[in-house]
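Before any comments, here is the structure.
The values are calculated or read from the model by the stated rules, or taken from the named source; none is laboratory data. Keep in mind the model is a prediction, meaning the values are calculated, not measured. Ideal geometry is used to build each Cβ from the backbone, glycine not excepted, and the neighbour counts take in all protein chains shown.
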Amino acid sequence: MQAKTLFRSFAVSFLALAAILTIIGILRRDHNGWTDLEKAIILRQDSLMNVTVMPKDSAILRSRAAELTPRMLRSRETQELVAKMLYTVRHPSQDGVGIAAPQVGISRRIICVQRFDLPGEPFKACLNPVIDTLFGEMAPGREGCLSIPDKRGIVTRHQGAVLSYTDAETLEYHRDTIEGFTAVIVQHECDHLDGILYTDRADSLWTL
């Protein structure tokens, strides 16, 4: 009996130690500030990343994303993450106009938005974006979300926004005044960074 008790005690202690080491490995950060788990998601996935969906991935989609540190802004991981986010949102399987880092499993403050307000309507990646001001009339509009693929809704939003961010390509600081549909996209994607989904703001919702 005593031997069995000792063995069971050892087994429990070993499993507890293994769990602690696993958590430490997940939370351990490199010199730039990325955790091992974040690096695994960024570097090991193909260009087309897995999109987080509700309710399965509510833990990350409902969390407030962390800012990128100055070292992170210049890291290989940030550049690769941005490239893969851009590939994912433009892929025919998604065909989106915007995506936020939590939607690919990374709780960091990064958004990619199609700039319909600029010539050529390019996609732009914004690091640590902040909406300084919302302005203009409030107007209802139809919205959907890559993370809630089976629903659509009507959301009333401001038609203008002043957005501050670091450009992912040049690493230069920008403060843009944005109007129209792009301002709506910016609000939608920045909401993601604070754990807010468009369904929280919707005037009405329907299932496809």
Sort out which residues of the range 178-208 are within 13 Å of Arg109 (Cα to Cα), buried (at least 20 other Cβ atoms within 10 Å of the Cβ) and not charged (D, E, K, R), and write them in order of number.
Val186, Cys190, His192, Leu193
Of everything in the range 174-208, what is among the hydrophobic types (A, V, I, L, M, F, W, C), farther than 19 Å from Asp117 by Cβ, modelled with pLDDT of 95 or more and not in a strand (DSSP E or B)? Give them in sequence order.
Leu193, Ile196, Leu197
Can you pull out every residue in the range 22-46 that is part of a loop (DSSP other than H, G, I, E, B) and modelled with pLDDT of 95 or more?
Trp34
Close pairs from the range 133-149: first of a type in the set (S, T, N, Q), partner part of a strand (DSSP E or B), Cβ under 6 Å, at least 6 apart
Thr133/Val162
